[in-house]
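Structure first, then comments.
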Amino acid sequence: MSDVKAELREQFLDAFGGADFPVENQMDLVPALPDGPGTKFEAGDVSFTAMEMAAKLGSEQEFPYDTPEALVDDIIDGLEAKGML
């Protein structure tokens, strides 16, 4: 795993780990984010907010998620599929 992916994975787990799982949709994740939809994720030359990520990954996610790890795995896969990583 690249350094950027590993760093983002850690940031996502920190940010989404506090959500009340299982989560049924993206809105269930918002209360867990430190700055809500404006929460920024940055690693290397990659940078985006939670809202930007949600808008681009909506079709890549398969809710519900039972664990933060399952959610983060799909986020990473979706970012790669969309060419954002």
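The values are calculated or read from the model by the stated rules, or taken from the named source; none is laboratory data. Not measured: the values here are computed from a predicted model. Here the Cβ positions follow ideal geometry from the backbone for every residue, glycine too, while neighbour counts run over all protein chains shown.
Of all residues in segment 47-57, those that are in contact with a helix residue (DSSP H, G or I) (Cβ under 7 Å, 6 or more places away or on another chain) and either of a type in the set (Gly, Ala, Ser) or at pLDDT 95 or above (or both) total 3. Within segment 71-85, restricting attention to residues that are more than 19 Å from residue 31 (Cβ to Cβ) and part of a helix (DSSP H, G or I), the residue that is farthest from the chain's Cα centre (by Cα) is 81.
Only a single criterion out of (1) under 12 Å from the mean Cα position of the chain (by Cα); (2) buried (at least 17 other Cβ atoms within 10 Å of the Cβ) is not satisfied by residue 23, namely (1). Taken together, the residues in segment 27-59 that are surrounded by 15 or more Cβ atoms within 10 Å (Cβ to Cβ), of a type in the set (Asp, Glu) and either over 14 Å from residue 17 (Cβ atoms) or within 12 Å of the chain's Cα centre (by Cα) (or both) amount to 1. Summed over segment 9-35, residues that are within 20 Å of residue 77 (Cβ to Cβ) and in contact with a Gly (Cβ under 9 Å, 6 or more places away or on another chain) total 1. In the condition set (1) under 12 Å from the mean Cα position of the chain (by Cα); (2) at pLDDT 95 or above, residue 67 is compliant with all but (1).
Just to be sure, is residue 62 free of Cβ contacts under 8 Å to residues at least 60 places away in the same chain and in a loop (DSSP other than H, G, I, E, B)? For residue 62, the condition - free of Cβ contacts under 8 Å to residues at least 60 places away in the same chain and in a loop (DSSP other than H, G, I, E, B) - is met.
Picking from residues in segment 36-46 that are touching a strand residue (DSSP E or B) at 6+ places or on another chain (Cβ under 9 Å) and modelled with pLDDT of 95 or more, the one that is nearest to residue 75 (Cα to Cα) is 41.
Checking 8, 13 one by one, the residue that is part of a helix (DSSP H, G or I), surrounded by 16 or more Cβ atoms within 10 Å (Cβ to Cβ) and at pLDDT 95 or above is 8 and no other.
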